[in-house]
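Single-structure report; data block below.
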Amino acid sequence: MSEEKIQENQNINKLAEIEKKCEEYLNNWKRAVADMSNYKKDEVARAGMLIKYAKEDVILNILPVLDSINLAESHIPEEIRSNNWSQGFMQIKKQIEDFLKKEGIEEIKTMGDPSAGSGQVKFDPVFMEAVEQVEGEESGIVAEELQKGYLIEGKLLRVAQVKVSK
């Protein structure tokens, strides 16, 4: 074999080796770009999860305030319910309820609406905690709501505490 042929074969081998390394580097680069893209998606999902949990924590801290307002409302004497102070107090309650609704919070229905013909609600252990049993006409019916329960975007946030008929 001539010197030129040997040199040409060596050049072809070097070129093949360089092409192989180039392809390897390109594949590594593509993998790194895909990994970075997946990492960014995961971080966005984690941040969203963190925000959601922080939101739930804030709401859980607001609910006792709303409970106190509901309790205070139930003790307002009938003769002063229409005065300006009582109306202002009720407006504060409405603002908190509107805020919660805007944040995807909804009350768990524990008591039926007698005017709509649905005066009784069956006890549901998934959404309610029975803290007391009382005598009643029909067993397993919610007799009284002691503490409101709430859902956040359809997920249980806080169970409702109720009295159940036995």
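The values are calculated or read from the model by the stated rules, or taken from the named source; none is laboratory data. Just so you know, these numbers come straight off a predicted model, no measurement behind them. Methodologically, a virtual Cβ is constructed for each residue, glycine included, from the backbone with ideal geometry; neighbour enumeration extends over all protein chains shown. Please note that ligands, DNA and RNA were not included when accessible areas were found on the heavy atoms of the full protein model with its side chains. Shrake-Rupley method; radii C 1.70, N 1.55, O 1.52, S 1.80 Å.
Whether any residue in region 42-52 is surrounded by 10 or more Cβ atoms within 10 Å (Cβ to Cβ), in contact (Cβ under 8 Å) with a residue 40 or more places away in the chain, closer than 30 Å to E97 by Cβ and not hydrophobic (A, V, I, L, M, F, W, C) is what I want to check.
no
Working only within region 117-159, note down all residues that are part of a strand (DSSP E or B), among the aliphatic types (A, V, I, L, M) and out of contact with any helix residue (DSSP H, G or I) (no Cβ under 8 Å at 6 or more places or on another chain). Walk me through how you get there before you give the answer.
Here is the first cut: in region 117-159, the ones part of a strand (DSSP E or B) are 118, 122, 128-134, 141-147, 150-152, 155-158.
From the residues that got through so far, the ones that are among the aliphatic types (A, V, I, L, M) too are 128, 130-131, 134, 141-143, 146, 151-152, 156-157.
M128, A130, V131, V134, I141, V142, A143, L146, L151, L156 - these are the residues of region 117-159 that are part of a strand (DSSP E or B), among the aliphatic types (A, V, I, L, M) and out of contact with any helix residue (DSSP H, G or I) (no Cβ under 8 Å at 6 or more places or on another chain).
Looking only at region 119-127, decide whether some residue is without any contact (Cβ under 8 Å) to a residue 12 or more places away in the chain, more than 24 Å from the chain's Cα centre (by Cα) and within 16 Å of A160 (Cβ to Cβ). Can you show your working first?
Taking region 119-127 first, the residues without any contact (Cβ under 8 Å) to a residue 12 or more places away in the chain are 119, 124-125.
Subset that is more than 24 Å from the chain's Cα centre (by Cα): 119.
Of the ones still in play, those that are also within 16 Å of A160 (Cβ to Cβ) are none.
No, there is no match, as no residue in region 119-127 is without any contact (Cβ under 8 Å) to a residue 12 or more places away in the chain, more than 24 Å from the chain's Cα centre (by Cα) and within 16 Å of A160 (Cβ to Cβ).
Quick one: how many residues across region 121-166 are aliphatic (A, V, I, L, M) and open to solvent by 80 Å² or more (accessible area, probe 1.4 Å)?
Residues meeting the conditions: 2.
Return only the number of the condition from (1) at pLDDT 90 or above; (2) under 26 Å from E56 (Cα atoms); (3) outside any strand (DSSP E or B) that M111 does not satisfy.
For M111, the exception is condition (1).
Residues that are in a loop (DSSP other than H, G, I, E, B), in contact (Cβ under 8 Å) with a residue 12 or more places away in the chain, touching a strand residue (DSSP E or B) at 6+ places or on another chain (Cβ under 9 Å) and open to solvent by 80 Å² or more (accessible area, probe 1.4 Å): does region 83-103 have at least one?
Looking for residues that are in a loop (DSSP other than H, G, I, E, B), in contact (Cβ under 8 Å) with a residue 12 or more places away in the chain, touching a strand residue (DSSP E or B) at 6+ places or on another chain (Cβ under 9 Å) and open to solvent by 80 Å² or more (accessible area, probe 1.4 Å), one finds none in region 83-103, hence no.
For region 119-148, give me the residue count where each residue is over 17 Å from E107 (Cα atoms) and of a type in the set (D, E, K, R).
Of the residues in that region, 4 qualify.
Suppose the filter is acidic (D, E), surrounded by 10 or more Cβ atoms within 10 Å (Cβ to Cβ) and at pLDDT below 95; does E8 pass it?
Working: acidic (D, E): yes; surrounded by 10 or more Cβ atoms within 10 Å (Cβ to Cβ): yes; at pLDDT below 95: yes.
It is true that E8 is acidic (D, E), surrounded by 10 or more Cβ atoms within 10 Å (Cβ to Cβ) and at pLDDT below 95.
Do the conditions hold for L60, that is, is it open to solvent by less than 100 Å² (accessible area, probe 1.4 Å), in a helix (DSSP H, G or I) and in contact (Cβ under 8 Å) with a residue 40 or more places away in the chain?
Details: open to solvent by less than 100 Å² (accessible area, probe 1.4 Å): yes; in a helix (DSSP H, G or I): yes; in contact (Cβ under 8 Å) with a residue 40 or more places away in the chain: yes.
The answer is yes for L60.
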